[in-house]
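The values are calculated or read from the model by the stated rules, or taken from the named source; none is laboratory data. Owing to the predicted nature of the structure, the values given are computational and were not obtained by experimental measurement. All Cβ positions, even for glycine, are placed from backbone atoms using ideal geometry, and neighbour counts span all protein chains on display. Heads up: the accessible areas ignore ligands, DNA and RNA and are worked out on the full protein's heavy atoms, side chains in. Shrake-Rupley method; radii C 1.70, N 1.55, O 1.52, S 1.80 Å.
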Amino acid sequence: MLSVNNVTKKYGKLVANDSISLGVARGEVSLLLGPNGAGKSTLIKCIAGLLKFTGDINVCGNDNKSIQAKRDLGYIPEVPALYEMLTIWEHMEFIARAYSLENWRDRAEHLLERFELDDKKKKLGKELSKGMQQKLSICCGFLPKPKVILFDEPLVGLDPQAIKELKIMIVEQQKAGNAILISTHMLDSVTDFWTSCNIMMEGKIVAIRHRNENSDGDLEDLFFRITKGER
Amino acid sequence: MKALIYLIFTQMKNRILALRKKPGMMILYGLVLLIMIALVIVIIISDKPTDKTFSDSRILYLFLTGFGLLYLFTFTYSGLSTGSTFFSMADVGLLFVAPISSKKVLFYGLLSTIGKTMLTSIFILYQVPNLSNMFGYGFMEVLSLFLIYVVMVLFFQIMSMGVYIFSNGNSNRKRLVKALLYGLFGLIIVSAYIIMQKENVGILDSMKLLVDSKWFGLLPGVGWPIMFFKGVLAGSIIQAVVALSLFVILGALFVSLLTANKADYYEDVLYSTEVTYQRIMDYKEGRNVSSASNRKVKVSDKEKSILKGKGAIVFAYKHILEIKRSSRFVFIDGYTIFLTIAAGITGYSLKNEMGAYIMLATLIYMLYFITILGRLKLELMNPYIYMVPESSFKKLLAASMSSILKPCVDSIFIFSIFAIVGGAGILQCIFMALAYSSSGALFLGLTVVYQRVLGGQPNKVAQVFIGIFLLLIVITPAVTVSILIALFVLPESLQFLSTLPYSMISLISAFFMFYTCRNLLDNTEISNRI
């Protein structure tokens, strides 16, 4: 559902992503791991269509900059991107209208309930704590029912209840046959549901592992073995 | 104390060493320094022409008063809300918890603030040739001006902290501070009016007489710089020293508010330090840094959403909703009122055709900066506009809608007042309003082109230069054609049409720029900085 082929992204002379290729299939939860500065967030932004790059990125068979691909793509950024002067509910309404969604209200209510934001619907974006901003950002990302979902450090700033809820939602999305790509440093938090992992260093993918190949399933061990030498 | 001295010098050293990695900036700073030294040398060695008539020094006093009142107002208000700070979050995290006397830490904060204020005030030294040509000032006079400006800014920063400590959590005290502030402004307005009536002069002359009067020099913060500078011009060291001493005494009084109670001021500056830090981080990370951020907005449970439509158009409605939350009357805000009043005063005082065009040019110049840093630019810093499944052209037009409408609404108010006070004829005002409104569209088109051309350009200096170059390319033909047609084609009776070619070329250029860059959102990168 998501395919990334030979994607290169440069900032001046710095090569942030160097000929990266990866794929995330239906029902797969793929991880992007790597030390700070490895180029994970840059790659996620390239896939989301926020950065220019060379190479090809396809979302459900469409070029990632096409309107159809945008319809199928959800993106939850590392830093919550909210409008200060819109309330929580107005954010949902804005997304629903921008994506021309039908019958979205119940779904929006349900999402807000799951993240315990339903009693704060009239709060403005600027009045929200960082954690609440992150929750709302997740709700905005989920509302259009994307088929491919990109998460950039989704758990940072969330309270335990929200972390639990988000994990459940990721598994639900997986079961629904959607493709999920998660960039994270919190290895423990994704141990239960990851299916493949792409380890990045210095702008390159240095290893791709699938869960069944990794006998003990220990992500931390896998991460350190690869980043410390084994490729 | 050793740690603080180490901190000051190491930061200074590292800032200079960091320039090694930015040779372009190093050359730019070198050039700036060389030009400044050259200007100073030229002023020192050149003789003052004795036969030249210089401008009235009171004009400069008016500028000083303007800056003083502006700082008094803004720093008092920041004192009433968040306070002001000499410190960074690093100071909070590392210095406040260190076993160093809080008085020494305060001294460090004062020193670093003086340094920063001097650096940001250096533009005055750059005005040496202008001040010399206009007012006949030498290097010493300009240096004095620089000194008193730095002292004034520093004083208002300290005052802001004092206001915060005095009024924090006490609404009566807040009201008292506001009453004093508005009382001072009221006193100035009433005095100017009395002089106008008594001397039978216009508002400008009355303001000149007011700021030149002896008692005005006694006004705290606002009048003292004039007292000081008049002392320098008259060679009266005593007068200059008295003015400086007044700053020092009142400044020390505010500092003593900080150091009272065992110098436990950390809590008082913490909030403002956090707010400042958040603003810097917002700026760096490209989040919304609009002025509306500080405004308290309460959304009632009964309020109905004004979001309408589906698809790209929702960006236009969202902007209107955001603007409504910042200003009760949507497009009519403080800026509209400010410009309308300024246009009224200008029209009333000048009453000639050239004055009207100079005002129009000034308004368009201000509009340029407001437009290129406006809502479209802010929208380009959020991911939604890139991700919403609609065509790039539709999204661009929808996200530009509010910025196109705002100058149109402003122009109705500005030029109506201008016509009413007799600044220009009604027909000329209508066409000037059209020129102003079309400039908004032109600058929006430029914003789109900037993003297209400079979106991925990491070099900020290059961005500024290319940006100015693009502006000149776009605006020069429109202005030139207008001037030529006014001079050689239009008869006297149709001179009110002189801005029409400019308006038409601006609108055509804007459309051309939008159309050419219609795929911008598919071919550019998310903006991460303003």
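The table that follows gives values for the structure above.
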quantity	calculated
Check on residue B:208, more than 23 Å from residue B:119 (Cβ to Cβ), in contact (Cβ under 8 Å) with a residue 24 or more places away in the chain, open to solvent by 60 Å² or more (accessible area, probe 1.4 Å) and in a helix (DSSP H, G or I)	no
Yes/no for residue A:129 being hydroxyl-bearing (Ser, Thr, Tyr) and closer than 18 Å to residue B:384 by Cβ	no
Which numbered condition residue A:69 misses (of (1) facing chain B (nearest Cβ under 9 Å); (2) open to solvent by 10 Å² or more (accessible area, probe 1.4 Å))	(2)
Top-ranked residue in region B:467-492 [being of a type in the set (Val, Ile, Thr) and either open to solvent by less than 60 Å² (accessible area, probe 1.4 Å) or more than 19 Å from residue B:453 (Cβ to Cβ) (or both); ranked as farthest from the chain's Cα centre (by Cα)]	B:489
Criterion (closer than 24 Å to residue B:451 by Cβ and without any contact (Cβ under 8 Å) to a residue 24 or more places away in the chain) met by exactly one of A:69, A:81, A:48	A:69
Condition check for residue B:521: part of a helix (DSSP H, G or I), within 14 Å of chain A (Cβ to nearest Cβ) and either modelled with pLDDT of 90 or more or over 20 Å from residue B:440 (Cβ atoms) (or both)	yes
Pairs, first aromatic (Phe, Trp, Tyr) in region B:108-129, second part of a helix (DSSP H, G or I) and open to solvent by 70 Å² or more (accessible area, probe 1.4 Å), C-beta under 9 Å, six or more apart	B:108/B:5; B:126/B:35
Residue count for region B:77-90, restricted to those that are surrounded by 21 or more Cβ atoms within 10 Å (Cβ to Cβ) and in a helix (DSSP H, G or I)	2
Restricting region B:293-325 to residues that are among the small types (Gly, Ala, Ser) and at pLDDT below 80, the residue that is farthest from residue A:67 (Cα to Cα)	B:300
Any hit, region A:110-121, residues being closer than 28 Å to residue B:392 by Cα and aliphatic (A, V, I, L, M)	no
Test: residue A:74 is outside any helix (DSSP H, G or I) and either touching a helix residue (DSSP H, G or I) at 6+ places or on another chain (Cβ under 7 Å) or at the interface with another protein chain (Cβ under 9 Å from one of its Cβ atoms) (or both)	yes
Identity of the residue in region B:331-355, among the hydrophobic types (A, V, I, L, M, F, W, C) and modelled with pLDDT under 85, that ends up farthest from residue B:416 (Cα to Cα)	B:354
Any hit, region A:151-160, residues being open to solvent by 10 Å² or more (accessible area, probe 1.4 Å) and in a helix (DSSP H, G or I)	yes
Which listed residue is in contact (Cβ under 8 Å) with a residue 40 or more places away in the chain, of a type in the set (A, V, I, L, M, F, W, C) and open to solvent by less than 60 Å² (accessible area, probe 1.4 Å), from B:332, B:313, B:345, B:306	B:332
Matching entry among A:84, A:90 (being facing another protein chain (nearest Cβ under 9 Å) and surrounded by 23 or more Cβ atoms within 10 Å (Cβ to Cβ))	A:90
Which listed residue is open to solvent by 10 Å² or more (accessible area, probe 1.4 Å), closer than 29 Å to residue B:32 by Cβ and modelled with pLDDT of 80 or more, from B:449, B:464, B:421	B:449
Residues (within 8 Å of chain B (Cβ to nearest Cβ), within 15 Å of residue A:145 (Cβ to Cβ) and not small (Gly, Ala, Ser)) located in region A:98-126	A:99
Filter pass, residue B:8 being of a type outside the set (Lys, Arg), more than 22 Å from residue B:133 (Cα to Cα) and open to solvent by 90 Å² or more (accessible area, probe 1.4 Å)	no
Residue within region B:350-370 that is surrounded by fewer than 20 Cβ atoms within 10 Å (Cβ to Cβ), among the aromatic types (Phe, Trp, Tyr) and in contact with a Lys or Arg (Cβ under 6 Å, 6 or more places away or on another chain) present	no
Check on residue A:56, over 17 Å from the mean Cα position of the chain (by Cα), open to solvent by 10 Å² or more (accessible area, probe 1.4 Å) and farther than 22 Å from residue B:312 by Cα	yes
